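Chemist: The structure under discussion is supplied below as structure tokens; questions concerning it will follow.
The values are calculated or read from the model by the stated rules, or taken from the named source; none is laboratory data. Please read these numbers as outputs of a predicted model, since none were measured by experiment. Please note: Cβ atoms are built from the backbone with ideal geometry, for glycine as well, and neighbour counts cover all protein chains shown.
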Amino acid sequence: MTNLEYIKEMFLLQQKLNDETNGLDWEKGYTKNGKIINWKRCIYMECAELIDSFNWKHWKDIDKPIDWENAVIEIVDIWHFIISLVLEDGKINRGKGIDRMARDVTDVQGFERFTKEPYSIEDAPSAEIINDIEKIIHETTGFKVDIYDSLLKNYFSLCLKCGVNLKVLYKYYIAKNVLNGFRQDHGYKDGTYKKQWGKVEDNIVMLEILEDKIMNAEELYKKLEIVYPG
């Protein structure tokens with residue numbers, strides 16, 4: 001897959017998820033139930049959770065190690081909402097389709113570096129990373145946000161410092177998106193879905209499947225069907 005194809009597939013999956021969850025025309029700012037949608041708030045709330053992955057408290061657990069596993073999960077959660085903000089802005093304010101939006105993302109300053117190897121987390125400066133997270137919080141708490149020249153640029157930079165590049169982001173995004181869909185298709189709502197697969201939970205099985213290979217959504221779904229104990 002090309003870098004553009006990685007971005008486009010994630011955008012298509014997020015569009016589908018938002019359509020199913022919020023109803024068509026959610027880009028206008030309301031769910032099918034009339035609830036207000038605020039993607040900027042979603043982003044800065046997830047950023048706050050990301051900060052909790054770092055030992056930022058000066059009065060408690062001062063020697064606690066950085067929870068990198070949770071940091072990656074929060075990075076991916078933030079990405080879900082950034083995509084949603086781009087989709088909303090693209091349709092309502094720019095009149096663009098997903099193909100064009102995906103190309104615009106790949107043109108963002110810093111995206112090319114984001115496709116390369118991420119930085120090592122061994123000596124990651126936690127104080128610097130927290131400052132970078134707070135930049136994104138600051139950007140998304142105002143009335144306007146510069147999505148392409150600032151938000152995306154800062155997000156890609158943050159990802160690299162947390163050991164995440166495009167392929168890692170894609171891997172975990174697809175994993176979470178597909179697993180959520182798989183659960184719904186196999187009885188999650190009515191309580192018949194089996195979250196425990198043998199000795200481990202489904203999310204662990206999913207990550208083991210992806211450990212040595214990047215798959216698209218269809219491939220991963222088929223693999224889950226093969227090993228699901230239901």
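Chemist: Condition first: among the small types (Gly, Ala, Ser), touching a Pro at 6+ places or on another chain (Cβ under 6 Å) and surrounded by 12 or more Cβ atoms within 10 Å (Cβ to Cβ). Can you find one or more residues in segment 177-200 that meet it?
Modeler: Within segment 177-200, not a single residue is among the small types (Gly, Ala, Ser), touching a Pro at 6+ places or on another chain (Cβ under 6 Å) and surrounded by 12 or more Cβ atoms within 10 Å (Cβ to Cβ).
Chemist: OK, next. When you check CYS42 against the structure, is it closer than 23 Å to LEU158 by Cα, at pLDDT 95 or above, assigned by TED's automatic domain parsing to the domain that holds ARG100 and touching a His at 6+ places or on another chain (Cβ under 9 Å), yes or no?
Modeler: Values: closer than 23 Å to LEU158 by Cα: yes; at pLDDT 95 or above: yes; assigned by TED's automatic domain parsing to the domain that holds ARG100: yes; touching a His at 6+ places or on another chain (Cβ under 9 Å): yes.
Spelling it out, CYS42 is indeed closer than 23 Å to LEU158 by Cα, at pLDDT 95 or above, assigned by TED's automatic domain parsing to the domain that holds ARG100 and touching a His at 6+ places or on another chain (Cβ under 9 Å).
Chemist: For segment 1-44, how many residues meet the condition of being in a loop (DSSP other than H, G, I, E, B) and aliphatic (A, V, I, L, M)?
Modeler: Going residue by residue through segment 1-44, those that are in a loop (DSSP other than H, G, I, E, B) are 1-2, 23-25, 29, 31-35, 37-38.
Okay, now just the ones that are also aliphatic (A, V, I, L, M), so 1, 24, 37.
Within segment 1-44, residues that are in a loop (DSSP other than H, G, I, E, B) and aliphatic (A, V, I, L, M) number 3.
Chemist: Report, by residue number, each residue of segment 84-101 that is exposed (fewer than 15 other Cβ atoms within 10 Å of the Cβ), of a type in the set (D, E, K, R) and outside any helix (DSSP H, G or I).
Modeler: Going residue by residue through segment 84-101, those that are exposed (fewer than 15 other Cβ atoms within 10 Å of the Cβ) are 92-95, 97, 99-100.
Subsequent filtering for residues that are of a type in the set (D, E, K, R) retains 94, 99-100.
Within segment 84-101, ARG94 is the sole residue that qualifies.
Chemist: Take segment 212-229 and flag every residue that is in a helix (DSSP H, G or I) and either at pLDDT below 85 or aliphatic (A, V, I, L, M) (or both).
Modeler: ALA217, LEU220, LEU224, ILE226, VAL227
Chemist: What is the one condition in (1) assigned to a loop (DSSP other than H, G, I, E, B); (2) free of Cβ contacts under 8 Å to residues at least 40 places away in the same chain; (3) within 22 Å of ASN154 (Cα to Cα) that ASP63 does not satisfy?
Modeler: Against the list (1) assigned to a loop (DSSP other than H, G, I, E, B); (2) free of Cβ contacts under 8 Å to residues at least 40 places away in the same chain; (3) within 22 Å of ASN154 (Cα to Cα), ASP63 comes up short only on (3).
Chemist: Could you identify the single residue in ASN216, ASN203 that is surrounded by 11 or more Cβ atoms within 10 Å (Cβ to Cβ) and closer than 18 Å to MET10 by Cα?
Modeler: On the way: ASN203 fails: closer than 18 Å to MET10 by Cα.
Criteria check complete, one pass: ASN216.
Chemist: Is at least one residue of segment 147-164 among the acidic types (Asp, Glu) and assigned by TED's automatic domain parsing to the domain that holds ASP107?
Modeler: Scanning segment 147-164, I find at least one residue that is among the acidic types (Asp, Glu) and assigned by TED's automatic domain parsing to the domain that holds ASP107, so the answer is yes.
Chemist: Have a look at VAL168, VAL108 and point out the one that is β-branched (Val, Ile, Thr) and closer than 27 Å to ASP25 by Cα. Working first, answer last.
Modeler: Values: VAL168 fails: closer than 27 Å to ASP25 by Cα.
VAL108 is the lone residue from the list that is β-branched (Val, Ile, Thr) and closer than 27 Å to ASP25 by Cα.
Chemist: Does ASP149 fit the bill of being farther than 20 Å from ALA71 by Cβ, acidic (Asp, Glu) and surrounded by 12 or more Cβ atoms within 10 Å (Cβ to Cβ)?
Modeler: Details: farther than 20 Å from ALA71 by Cβ: yes; acidic (Asp, Glu): yes; surrounded by 12 or more Cβ atoms within 10 Å (Cβ to Cβ): no.
Criteria not met by ASP149.
Chemist: Across segment 173-211, what is the total count of residues that are assigned to a loop (DSSP other than H, G, I, E, B) and either not aromatic (Phe, Trp, Tyr) or not assigned by TED's automatic domain parsing to the domain that holds LYS223 (or both)? Write out each step before concluding.
Modeler: Filtering segment 173-211 down to residues assigned to a loop (DSSP other than H, G, I, E, B) leaves 186-195, 198-199, 211.
This time we only want the ones that are either not aromatic (Phe, Trp, Tyr) or not assigned by TED's automatic domain parsing to the domain that holds LYS223 (or both), so: 186-187, 189-192, 194-195, 198-199, 211.
Within segment 173-211, residues that are assigned to a loop (DSSP other than H, G, I, E, B) and either not aromatic (Phe, Trp, Tyr) or not assigned by TED's automatic domain parsing to the domain that holds LYS223 (or both) number 11.
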